[in-house]
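The values are calculated or read from the model by the stated rules, or taken from the named source; none is laboratory data. Predicted, not measured: the structure shown is a model, and the values here were computed from it. Note that we place each Cβ from the backbone using ideal geometry, even for glycine, and neighbour counts take in every protein chain shown.
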Amino acid sequence: MGNSADRPTYEFVDMNTAGPGAVATAFANQVAYCQHAGAPNTARVVAGIAAVLETDAASVLLARIRGWQGAPLADALSLRVAGGLHALHLSGAAPELAPIYRGENADDAAIIGAVMRSHETALLPWLDGPPQTNEAGRSANFVAAMLWLADQGLPPRFQCLEIGSSAGINLMLDRYSYDLGGVMVGPDDAVMRFAPQWHGTPPPQRDIAIVSTKGCDVAPVDLTDPAQALRLKAYIWPEHTIRFERMDAAIRAAHQRKPDLVPMNAADFVEAE
């Protein structure tokens, strides 16, 4: 296991910093962040990539990372590469990564370097766009807001419109149930149940109905497409097991009935609706 993941230090820099040294700093900062966020195995993966970058190994993939044209920290460059490696692990295409993701002792840099060489074609497209995430638990905030709005006298029937919906997981909130500080909302046969930690006064108890949901995204993710679903799962840090369970539940729900999600930018969507 590399020492770079053992004693992480975070260097405060402008997120938009580019140029010489910015790539190494971005990777080092991501290692530190992962460690402090309780994701040691993800930290090992990022540190392993960074170690490979410091060698004299040459490839198109490594050249693109080393010579990144944008701001590597703001562009989440390290997580783009880590996401690609995680996808290879999840799909079984790179079983040699398994010891790292299991938290076992291994020569991280050697393993990751070999995988980056043998799977370069598969990894290159992961550099083309930023990580995309979609967390169902965020929908609890929307439901709490609806309870408050209904308590203020608004009609308790809501049409939910969301911009930047990604895979539309939060558009299925009418199929989830919530325990919001003891206030129960949602169907008995919910596909997911949420009980977020609640501090302070719970939201008002009101009967609300979600009559429709619709969202947009410039690059929507189709959860019923195995390749697209895998890509979304690959951006979840493996230590976050609850998020994996939620993603699997959302994928099953989308197979039952897809969320109403259209490919459109926010301005056009708002005008159309």
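Brief remarks follow.
- Residue check, A76 at pLDDT 95 or above and at positive phi: yes
- Subset of the range 182-199 that is in contact (Cβ under 8 Å) with a residue 12 or more places away in the chain and loosely packed, with under 15 Cβ neighbours inside 10 Å - its residue that is farthest from A136 (Cα to Cα): G182
- Test: residue in the range 191-213 that is under 15 Å from the mean Cα position of the chain (by Cα) and either within 25 Å of L261 (Cβ to Cβ) or of a type in the set (S, T, Y) (or both): no
- Residue that is closer than 30 Å to A87 by Cα and crowded, with 19+ Cβ neighbours inside 10 Å, where the choices are L223, L230: L223
- Members of the range 8-62 found to be in contact (Cβ under 8 Å) with a residue 12 or more places away in the chain, within 22 Å of A114 (Cα to Cα), in a loop (DSSP other than H, G, I, E, B) and among the aliphatic types (A, V, I, L, M), listed by number: A57
- L123 vs. criteria in the same structural domain as R66 (by TED's automatic domain parsing) and either among the acidic types (D, E) or touching a helix residue (DSSP H, G or I) at 6+ places or on another chain (Cβ under 6 Å) (or both): yes
- Restricting I112, I100, I49 to those that are within 22 Å of T133 (Cβ to Cβ), crowded, with 23+ Cβ neighbours inside 10 Å, aliphatic (A, V, I, L, M) and in contact with a Gly (Cβ under 8 Å, 6 or more places away or on another chain) reduces the list to I100.
- Test: residue in the range 134-146 that is out of contact with any strand residue (DSSP E or B) (no Cβ under 9 Å at 6 or more places or on another chain) and at positive phi: no
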